[in-house]
Amino acid sequence: MKTELSVGVEVVSRLADCLNAIGHPSRLKIVQYCLQSRRFTDIILDLRLNPASFKFHAKVLMDCDLIRKVERGVYETTELGKLLLELVNKANSLSNPSGEYE
């Protein structure tokens with residue numbers, strides 16, 4: 001039987017993994033860009049990523065459930081990804097009133 005503390009530690013650990021994943025500039029851009037469903041070719045062209053880099057970053061993001069593949073070659077941000085972006089934006093606004101990412 002898990003205690004409340006062990007469940008809390010698991011949640012914090014998962015959150016830390018997600019923050020680590022979204023902490024990379026390219027992965028943050030991918031999660032933001034995929035708020036609307038996006039095709040693979042649009043993502044790599046618009047974000048100026050080579051296909052291998054995108055596939056690597058997409059795997060990290062999908063492993064953390066921040067984006068998902070909705071059909072062949074189409075990706076979108078998950079509910080968890082949206083929630084994490086809101087958290088990042090809120091933290092940014094508190095530490096940087098101008099609203100620009102540092």
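The values are calculated or read from the model by the stated rules, or taken from the named source; none is laboratory data. This structure is a prediction, so every number in the text was calculated from the model and none was measured. Cβ atoms come from the backbone with ideal geometry, glycine included; neighbour counts cover every protein chain shown.
Restricting to the range 8-23, what's the tally of residues that are surrounded by 12 or more Cβ atoms within 10 Å (Cβ to Cβ) and within 9 Å of the chain's Cα centre (by Cα)?
Here the count works out to 4.
Of the residues 53, 93, only one is small (Gly, Ala, Ser) and surrounded by 13 or more Cβ atoms within 10 Å (Cβ to Cβ); which?
53
List the helices (runs of 4 or more DSSP H) inside the range 1-81, counting only whole elements, that have at least 2 residues being of a type in the set (Asp, Glu), at pLDDT 95 or above and in contact with a Lys or Arg (Cβ under 9 Å, 6 or more places away or on another chain).
Because the criterion is at least 2 residues that are of a type in the set (Asp, Glu), at pLDDT 95 or above and in contact with a Lys or Arg (Cβ under 9 Å, 6 or more places away or on another chain), no helices (runs of 4 or more DSSP H) in the range 1-81 meet it.
Can you work out which of the residues in the range 82-97 that are part of a helix (DSSP H, G or I) and among the polar types (S, T, N, Q) is nearest to the chain's Cα centre (by Cα)?
Among them, the one singled out is 89.
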